[in-house]
Amino acid sequence: MECDVPKEGLKLDLVLQPREPVDGKPLYWPLYNADNPDEHFGNMQFNFKGKGVLTLKITLDQTEVPGRDLEFARFRRRKLDGIIALSPDFRHQFRSRARSVDGDYTKLVIKIRDKAHIPDNFSFLWICEDVETGMHFVSGDPKVAVRTED
């Protein structure tokens with residue numbers, strides 16, 4: 001997915017579909033447009049055109065993990081719910097908060113802003129946990145890029 005973020009900001013509604021690991025190796029988790037489920041996204045790249053805020057509203061779709069009761073992992077102090085940051089300088093522009101729906105944290109709101117107006121190559125993994133067992137589910141696609149333009 002590549003999109004330009006205008007200075008007035010941009011909001012996207014997306015659906016994340018976790019996958020069971022195969023042979024102990026995490027898999028890529030597909031990300032879809034909530035309004036058009038046939039529109040599938042790969043790696044994310046965002047181009048900021050000023051100080052706009054990108055808001056990603058992500059809903060967890062558990063259809064590919066039958067029998068599991070997953071929710072986004074929550075990390076209260078770090079403000080990075082649902083993700084594992086793999087690159088430095090991640091937090092200065094990126095906030096991720098899980099939201100409860102009927103008692104389960106199946107919504108994730110991510111806000112990305114280019115505060116410093118510098119390009120960053122963020123990378124992260126999605127992380128969920130099984131409510132019953134506490135077992136973590138982690139995605140296998142760590143590529144995301146944030147670019148800034150004058």
> What accessible area per residue comes out for the range 2-140, rounded to a whole number of Å², with a 1.4 Å probe?
Replying inline: 54 Å²
> In the structure shown, do any of LYS11/LYS49; LYS25/LYS57; LYS7/LYS111 have a Cα-Cα gap over 24 Å, and if so which?
Replying inline: LYS25/LYS57
> Quick one: with all protein chains in place, what share of the accessible area of the range 1-108 is carbon or sulfur, to the nearest percent (1.4 Å probe)?
Replying inline: 46 percent
>> Under the rule of at least 5 residues apart or a separate chain, name every residue whose amide H is placed under 5 Å from the amide H of PHE122.
In response: VAL146
> Of all GluC sites (Glu not before Pro) in the range 4-81, which ones are in loop regions per DSSP and have a Cβ with at most 14 other Cβ atoms within 10 Å?
Replying inline: GLU8, GLU64
> Amide H neighbours of LEU27 under 5 Å, counting only residues 5+ apart in sequence or on other chains, H built in-plane at 1.01 Å?
Replying inline: VAL22, GLY140
> Taking K and R as +1 and D and E as -1, what net charge do the other residues with C-beta under 12 Å from the C-beta of GLY9 add up to?
Replying inline: +3
> What ranking of VAL65, VAL101, VAL109 comes out by heavy-atom accessible area, probe 1.4 Å, highest first?
Replying inline: VAL101, VAL109, VAL65
> Counting only the heavy atoms of the protein chains, how much of THR63 is accessible to a 1.4 Å probe, in Å² to the nearest 10?
Replying inline: 90 Å²
> If you stretched the chain out fully between THR55 and LYS79, how much longer would it get, using 0.36 nm times the residue separation minus the C-alpha to C-alpha distance?
Replying inline: 7.2 nm
> Hey, if we sort LYS25, LYS49 by accessible area with the 1.4 Å probe, largest down, what's the order?
Replying inline: LYS25, LYS49
>> Tell me the volume per residue, in Å³, of the convex hull enclosing the alpha carbons of the range 2-140.
In response: 120 Å³
>> Counting only other residues whose beta carbon sits under 10 Å from that of ILE110, what net charge do I get with K and R as +1, D and E as -1?
In response: +3
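The values are calculated or read from the model by the stated rules, or taken from the named source; none is laboratory data. Here the structure is a predicted model, which means the values were calculated and not measured. Positions of Cβ are backbone-derived with ideal geometry, glycine not excepted, and every protein chain shown enters the neighbour counts. We work out accessible area using only protein heavy atoms, side chains counted, and drop any ligands, DNA or RNA first. Shrake-Rupley method; radii C 1.70, N 1.55, O 1.52, S 1.80 Å.
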